[in-house]
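For reference, the structure discussed in these notes is given below.
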Amino acid sequence: MSRSMTAYLNEFTGDDFKASVSMYVGMKSTKLYCHSTCQQAKPENSIIFSSRYEAERLGFRPCQSCFSSLPIGVWRDHNEYMLLKAPEDFRFSVNLRYLNRSQDECLHKVENNKVYKVLELNHTDVLVEVSSWQDRILIVRFVGDTPQKQSIRVAAASYVWDWFDLDRNLTPFYQMGRTDPILSQAVLDFRGLRLIGVTDLFEALCWTIIGQQINLPFAYTLKRRFVELSGRHVMWRDQPYWLFPTPEKVAALSLGTLRSLQFTTRKAEYLIGLAKNMINGRVSRDTLLLLKGYHEIGEELQRIRGIGPWSAHYVLMRHFKDPCAMPIQDVGLQNAVKLARQMEHKPSKDELVELTNGWDSWKAYATFYLWMTLSS
Ligand SMILES: [Zn+2]
């Protein structure tokens, strides 16, 4: 990296940034939400939100004038790449380690300390390369074609921001974890790890169905077969970059095709049934978000055939970012707790409830960190 670039990055990180101190104004007439400083933000007929999530839950969309999908001051647009200011407690390498945990992962690629992923943003395929400068800045570079519209470049940066859960202030988690007998080692070892999201609801639900009752390596193998069968890809430097299949593609599959890829009949039925329910609108992110809270979303998810408590909590964790979600039935979680406490047996559900009592609104993060202890 050139000297002027380094000087520039240093200057950019020097700016004041407090992601947590934000306020959003939602305009009832346009259903857009703005930063309070935006010229489009009108005080009349508006609602004040303390977070983007609150606004989006009520069906408000980010304003394309103030780009309210990102906090103020955290991004810079350089056309061929976007810069994002990382929050405190961010370590790119440990996040890459999570992303690189299976050779069969087909929805992103980790290479030379960078991660590559193709995103579909406003009907445009955008291939991004994400790297980090000193853990202080994320560089989101457009490889292949640079999107001409700024709104798409910002959408790519917003995607990365949410993917790495960069809005979250992890200080209270580390304070709690430091003295917790189960978490103390994990929070030291993996400091800077963020709860990596699964942005697409259909993908998150399918992944929990695919992963049920099989080991993780086989789950990744099945996912790759599933994606290569019905997803589509973008080629760059002779390599395919895959997008998760749409519900339309999956609904058109036959049970026999999935069975030939070693899916059980039941899983094949669940996946095709889910796809049909996404198409007819019986399962929709917007409708789920309108429910009162995460608990209600979890209950509603379990009405989907193939989604039990484990899957529902997994989706709450990885897609909805519910901080209190914890798939208590998860064998990995149970094994990690057993390992951390040097127990002779895996903890029962009651024991786990008791042991994790103090984790409060950090249950999802705690689970994510404990999973990492198993893969290292
Ligand atoms: Zn605005």
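The values are calculated or read from the model by the stated rules, or taken from the named source; none is laboratory data. Since this is a predicted model, take the numbers as computed values, not measurements. Note that each Cβ is placed from the backbone with ideal geometry, even for glycine, and that neighbours are counted across all protein chains shown.
Every residue, every condition in (1) assigned by TED's automatic domain parsing to the domain that holds Arg303; (2) free of Cβ contacts under 8 Å to residues at least 12 places away in the same chain, yes or no:
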residue: Thr179; (1), (2): no, yes
residue: Ala186; (1), (2): no, no
residue: Arg194; (1), (2): no, no
residue: Pro217; (1), (2): yes, no
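For the range 53-83, name all the residues that are within 12 Å of the ligand (Cβ to nearest atom) and part of a helix (DSSP H, G or I). Within the range 53-83, Ala55 is the sole residue that qualifies. Among the residues of the range 142-172, those identified as closer than 30 Å to Ser184 by Cα and either without any contact (Cβ under 8 Å) to a residue 24 or more places away in the chain or assigned to a loop (DSSP other than H, G, I, E, B) (or both) are Phe164, Asp165, Leu166, Asp167, Arg168, Asn169, Leu170. Of all positions in the range 26-41, none carries a residue that is at pLDDT below 95, away from the ligand (no atom under 16 Å from the Cβ) and hydroxyl-bearing (Ser, Thr, Tyr).
Determine whether the range 1-18 contains at least one residue that is surrounded by 13 or more Cβ atoms within 10 Å (Cβ to Cβ), modelled with pLDDT under 95 and within 16 Å of the ligand (Cβ to nearest atom). Checking the range 1-18: not a single residue is surrounded by 13 or more Cβ atoms within 10 Å (Cβ to Cβ), modelled with pLDDT under 95 and within 16 Å of the ligand (Cβ to nearest atom).
Checking each residue in the range 34-55 for being under 21 Å from Asp322 (Cβ atoms) and crowded, with 20+ Cβ neighbours inside 10 Å picks out Phe49, Arg52, Ala55.
Taking first residues from the range 333-348 that are assigned by TED's automatic domain parsing to the domain that holds His313 and β-branched (Val, Ile, Thr) and partners that are surrounded by 16 or more Cβ atoms within 10 Å (Cβ to Cβ) and part of a loop (DSSP other than H, G, I, E, B), the Cβ contacts under 7 Å between residues at least 6 apart in sequence or on separate chains come to Val337/Ile182; Val337/Pro347.
Is one or more of the residues making up the range 343-355 of a type in the set (Val, Ile, Thr) and either buried (at least 18 other Cβ atoms within 10 Å of the Cβ) or within 30 Å of Leu274 (Cα to Cα) (or both)?
No, because not a single residue in the range 343-355 is of a type in the set (Val, Ile, Thr) and either buried (at least 18 other Cβ atoms within 10 Å of the Cβ) or within 30 Å of Leu274 (Cα to Cα) (or both).
Given the condition farther than 27 Å from Pro62 by Cβ and not charged (D, E, K, R), answer yes or no: does some residue in the range 123-137 qualify? Within the range 123-137, one or more residues are farther than 27 Å from Pro62 by Cβ and not charged (D, E, K, R).
Regarding Gln213, is this residue closer than 27 Å to Gln334 by Cα and free of Cβ contacts under 8 Å to residues at least 40 places away in the same chain? So Gln213 passes the test.
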